[in-house]
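Taking it in order: structure first as structure tokens, then the write-up.
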Amino acid sequence: MFARLSIYENVDVDAAEEFRQWLEHSAPADPFRELPGYRGSMTLLDRENARLVGIGFYASDADARETEKLLPALLENARAQVPDAIRATLEQRPESVGLYDIVHRD
């Protein structure tokens with residue numbers, strides 16, 4: 001299994017919290033589920049340093065790399081469904097993206 005990590009700096013912590021609430025209560029089905037080899041995701045928020053880390057899990061290296069090509073269109077479609085007040089959270093681009101082979105998971 002592989003993980004794709006995206007690190008965002010200087011995020012609007014309040015908007016990230018609003019986005020989380022929208023996901024929990026109003027969001028349609030997970031749009032990432034359509035990605036090849038997708039096995040789930042996790043988002044971590046460091047409030048003190050205004051940093052957000054997105055982690056997507058994929059069955060293979062090839063699936064994670066294919067996501068790179070598909071993600072822009074997926075995010076564009078998602079923007080149309082997100083309320084205006086939190087749309088900026090989808091417009092921020094990561095400072096770095098890395099692909100990691102998962103060596104251990106319990």
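The values are calculated or read from the model by the stated rules, or taken from the named source; none is laboratory data. Note that the structure is a prediction, hence the values are computed from the model and not measured. Every residue, glycine as well, gets a Cβ built from its backbone with ideal geometry; the counts of neighbours run over all protein chains shown.
Can you tell me which residue in the stretch 1-17 is modelled with the highest pLDDT, limited to those that are aliphatic (A, V, I, L, M) and part of a helix (DSSP H, G or I)?
Among those that are aliphatic (A, V, I, L, M) and part of a helix (DSSP H, G or I), it is Val13.
Within the stretch 61-70, can one find any residue that is in a strand (DSSP E or B) and either modelled with pLDDT of 90 or more or surrounded by fewer than 13 Cβ atoms within 10 Å (Cβ to Cβ) (or both)?
No, that holds for no residue.
Let's see how each residue does on (1) within 20 Å of Glu95 (Cβ to Cβ); (2) hydroxyl-bearing (Ser, Thr, Tyr):
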| position | (1), (2) |
| --- | --- |
| Glu9 | yes, no |
| Asp30 | no, no |
| Arg33 | no, no |
| Ser41 | yes, yes |
| Leu44 | yes, no |
| Arg47 | yes, no |
| Val53 | yes, no |
| Ala62 | no, no |
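What's the number of the condition Ser41 fails, among (1) more than 15 Å from the chain's Cα centre (by Cα); (2) in a strand (DSSP E or B); (3) free of Cβ contacts under 8 Å to residues at least 60 places away in the same chain?
Here Ser41 meets the rest and fails (1).
Of the conditions (1) touching a strand residue (DSSP E or B) at 6+ places or on another chain (Cβ under 9 Å); (2) more than 19 Å from Asp63 (Cβ to Cβ); (3) at pLDDT 85 or above; (4) not hydrophobic (A, V, I, L, M, F, W, C), Arg20 satisfies every one except a single condition; which number is it?
With (1) touching a strand residue (DSSP E or B) at 6+ places or on another chain (Cβ under 9 Å); (2) more than 19 Å from Asp63 (Cβ to Cβ); (3) at pLDDT 85 or above; (4) not hydrophobic (A, V, I, L, M, F, W, C) applied to Arg20, the lone miss is (3).
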